[in-house]
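Peer 1: Submitted below is the structure of interest, expressed as structure tokens.
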Amino acid sequence: MKNKKIRWGIIGLGHIANKFATDLAAVENTELVAVASRNLQNAKNFAEKHHGKKAYGSYLELANAADVDAVYIATPHSFHKEHAILCLQNKKAVLCEKPFAMNLQEVTEMIQVAKENDVLLMEALWTFFLPHFTHVLELVKSEKFGKLKNLEADFGFHTPYNTASRLFKKEVGGGSLLDIGIYPIFAALATLGAPDSIAANATFFENGADASCDMVFQYDGAKATLKSTLLEETPSHAVFTFDNAIVKLNRQFHQSKCITIIQHNTEEIMHFDFKTNGYNFEIEHFNNLLRASKKESNIMTFDFSKTLIKTVDNVREIIGLSYPDSF
Ligand SMILES: NC(=O)c1ccc[n+]([C@@H]2O[C@H](COP(=O)([O-])OP(=O)(O)OC[C@H]3O[C@@H](n4cnc5c(N)ncnc54)[C@H](OP(=O)(O)O)[C@@H]3O)[C@@H](O)[C@H]2O)c1
């Protein structure tokens, strides 16, 4: 069972599906058996590029395919619940992109369906499995540098406002908070836990999607200052201040391959080199859960996913961000 080959399918063949499929090929005992697009030709092209065995022109066909063990869902946020449930009800294990769904109610429903069908479900928050972040989690847990007192984390880039793009389209969950704000929030929850209180404010595009969001999470003895923006390039760092050291996750902190440890007026850079995009770490974890017949991750637990989306819901309420169809 340890080496059992896991047969994967992918739904929604856009930007991230391409990167994921590239890394899937680097994971041992893993096979891309099927891909599904709303457009059959698109699926055929993707299958050819990534050596997928079968190409389907509908998501339902892939969900029904008997030779698929696990499905990676890479559609826009507002479809995660629908597509995850489609696969879960067809007894497929599901790895679903972040945000897990549009709100806590949807996430709770997905988890319920996974339990009813006795299948594995996990949110694809890949940072949790990356070596640099795992190292930070160990530093927090071991209190090697004392207690964590402060976190400053931002994620920002500029791309022209265009409502044809998923990033800005309100109907599919567009805006900075759900797309990239989730990473600084994740960093705070994974290291400091759920905050005692939240302050937040945002700016908005003309269609009502949030352009930027500033957040402050208060804890007993700690604070997290977080930011997401689609309006400008920001350092995209995460700076963890402990009692006795500062640990900085360098640019694109959510996927950084190096961190800087500042202590006693000296800087030490630690490198975490790997040749993939980094999605292989979550894939390996998921494969091992599946091989061990687990139905829930011990790292990206259901409770963590629920706390994460509940925190996003709270921020949305504070900044007044609502989505159509009562999301
Ligand atoms: N973990 C990460 O690093 C990371 C990075 C980027 C994005 N993401 C997440 O992955 C998800 C997809 O992001 P992406 O950047 O890959 O988006 P994308 O390039 O727009 O791809 C999304 C795909 O979803 C399918 N889709 C189904 N219904 C759609 C609709 N109504 N409108 C548009 N697309 C539709 C399309 O595939 P078909 O035409 O093939 O059906 C489309 O190519 C998002 O939830 C995002 O948060 C994660």
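The values are calculated or read from the model by the stated rules, or taken from the named source; none is laboratory data. What you are looking at is a predicted structure, and each value in this text was computed from that prediction instead of being measured. Glycine also receives a Cβ, built like all others from the backbone with ideal geometry; neighbour counts cover every protein chain displayed. For accessibility, only protein heavy atoms count, side chains too; no ligands or nucleic acids. Shrake-Rupley method; radii C 1.70, N 1.55, O 1.52, S 1.80 Å.
Peer 1: Can you tell which of I262, I319, I246, I269 is under 25 Å from P76 (Cα atoms) and either modelled with pLDDT of 95 or more or not charged (D, E, K, R) (or both)?
Peer 2: The unique qualifying residue is I319.
Peer 1: Would you be able to say whether some residue in the range 39-47 is away from the ligand (no atom under 12 Å from the Cβ) and of a type outside the set (S, T, N, Q)?
Peer 2: no
Peer 1: Scan the range 151-196 for residues that are farther than 30 Å from A222 by Cα and either in contact (Cβ under 8 Å) with a residue 40 or more places away in the chain or of a type outside the set (A, V, I, L, M) (or both) and report the count.
Peer 2: The number of residues fulfilling the criteria is 16.
Peer 1: Output the qualifying pairs, or none if there are none: Cβ atoms under 8 angstrom, residues six or more apart or on different chains, first residue in the range 13-32 and over 21 Å from I180 (Cα atoms) and touching a residue at least 40 places away in the same chain (Cβ under 8 Å), second residue away from the ligand (no atom under 16 Å from the Cβ) and open to solvent by 30 Å² or more (accessible area, probe 1.4 Å).
Peer 2: A26/K275; N29/N3; N29/K4; N29/K5; T30/K5
Peer 1: Which numbered condition in (1) away from the ligand (no atom under 16 Å from the Cβ); (2) in a loop (DSSP other than H, G, I, E, B); (3) open to solvent by 30 Å² or more (accessible area, probe 1.4 Å) is the only one that D325 fails?
Peer 2: It is condition (1) that D325 fails.
Peer 1: Now for a different question. May I ask you to say which residue of K294, K306 is touching a residue at least 40 places away in the same chain (Cβ under 8 Å) and farther than 19 Å from P184 by Cα?
Peer 2: Answer to the selection: K294.
Peer 1: Checking W8 against (1) among the aromatic types (F, W, Y); (2) open to solvent by less than 10 Å² (accessible area, probe 1.4 Å); (3) farther than 18 Å from V119 by Cβ, which single condition isn't satisfied?
Peer 2: So W8 meets the others, but not (3).
Peer 1: Suppose we filter the range 1-10 for residues that are outside any loop (DSSP other than H, G, I, E, B) and either more than 13 Å from the ligand (Cβ to nearest atom) or not aliphatic (A, V, I, L, M) (or both); how many remain?
Peer 2: 4
Peer 1: Still on this structure, I have one more. If you go through the range 64-80, how many residues are more than 9 Å from the ligand (Cβ to nearest atom) and out of contact with any strand residue (DSSP E or B) (no Cβ under 7 Å at 6 or more places or on another chain)?
Peer 2: 2
Peer 1: Follow-up. Is at least one residue of the range 101-114 over 20 Å from L226 (Cβ atoms), in contact (Cβ under 8 Å) with a residue 40 or more places away in the chain, of a type in the set (S, T, N, Q) and more than 12 Å from the ligand (Cβ to nearest atom)?
Peer 2: Checked against the condition, which is being over 20 Å from L226 (Cβ atoms), in contact (Cβ under 8 Å) with a residue 40 or more places away in the chain, of a type in the set (S, T, N, Q) and more than 12 Å from the ligand (Cβ to nearest atom), the range 101-114 yields at least one hit.
Peer 1: For N117, indicate whether it is within 10 Å of the ligand (Cβ to nearest atom), open to solvent by 20 Å² or more (accessible area, probe 1.4 Å) and not β-branched (V, I, T).
Peer 2: So N117 fails the test.
Peer 1: Turning to a different aspect of this structure: Might you check whether a residue that is under 19 Å from L137 (Cβ atoms), basic (K, R) and open to solvent by 40 Å² or more (accessible area, probe 1.4 Å) occurs anywhere in the range 239-261?
Peer 2: Yes: the range 239-261 contains one or more residues that are under 19 Å from L137 (Cβ atoms), basic (K, R) and open to solvent by 40 Å² or more (accessible area, probe 1.4 Å).
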